[in-house]
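S.K.: Mind having a look at this structure? Questions to follow.
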């Protein structure tokens with residue numbers, strides 16, 4: 001499993017928990033501010049994940065959502081979408097390969113930016 005998928009699921013759980021915590025009428029005002037700040041940070045991060053999800057076509061997006069957000073097996077995903085199990089397995093493998101390439105390029109870009117910071121003319 002790609003790291004970001006597990007991160008996304010943990011992030012969703014964090015968001016649900018923080019939203020639930022804000023419903024507590026006895027939550028101290030200072031803690032409300034802290035919880036809202038954490039919630040805003042996680043919602044922003046979730047938006048970044050959604051950008052990745054939306055970069056795939058509709059079928060790929062449905063596979064990712066059903067598999068990782070809804071927790072369905074690939075067999076169940078195939079059944080729900082009306083495709084053969086083998087087709088969904090192959091499509092899923094290509095999706096993970098694309099994500100892996102994205103993660104690798106993102107990591108390389110961050111390392112490049114660290115090693116060669118942008119110098120602006122004054």
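The values are calculated or read from the model by the stated rules, or taken from the named source; none is laboratory data. Source: prediction; values computed, not measured. All Cβ positions, even for glycine, are placed from backbone atoms using ideal geometry, and neighbour counts span all protein chains on display.
S.K.: Out of (1) at pLDDT below 90; (2) within 17 Å of residue 6 (Cα to Cα); (3) surrounded by fewer than 14 Cβ atoms within 10 Å (Cβ to Cβ); (4) outside the structural domain of residue 10 (by TED's automatic domain parsing), what's the single condition that is false for residue 106?
M.R.: (2)
S.K.: Of everything in region 63-76, what is loosely packed, with under 15 Cβ neighbours inside 10 Å and over 14 Å from residue 8 (Cβ atoms)? Give them in sequence order. Even if it seems obvious, please write down each step before you answer.
M.R.: Narrowing region 63-76 to residues loosely packed, with under 15 Cβ neighbours inside 10 Å: 65, 69-71, 73, 75.
Within region 63-76, 73, 75 meet the criteria.
S.K.: Residues in region 43-56 that are in contact with a helix residue (DSSP H, G or I) (Cβ under 8 Å, 6 or more places away or on another chain) and not in a helix (DSSP H, G or I): how many?
M.R.: Total satisfying the criteria: 1.
S.K.: Another question about this same structure. For residue 96, indicate whether it is touching a residue at least 12 places away in the same chain (Cβ under 8 Å) and within 19 Å of residue 8 (Cβ to Cβ).
M.R.: yes
S.K.: While we're looking at this one, here's another question. Check 24, 40 and return the single one that is in a helix (DSSP H, G or I), exposed (fewer than 15 other Cβ atoms within 10 Å of the Cβ), out of contact with any strand residue (DSSP E or B) (no Cβ under 7 Å at 6 or more places or on another chain) and not assigned by TED's automatic domain parsing to the domain that holds residue 103.
M.R.: One residue alone meets the criteria, 40.
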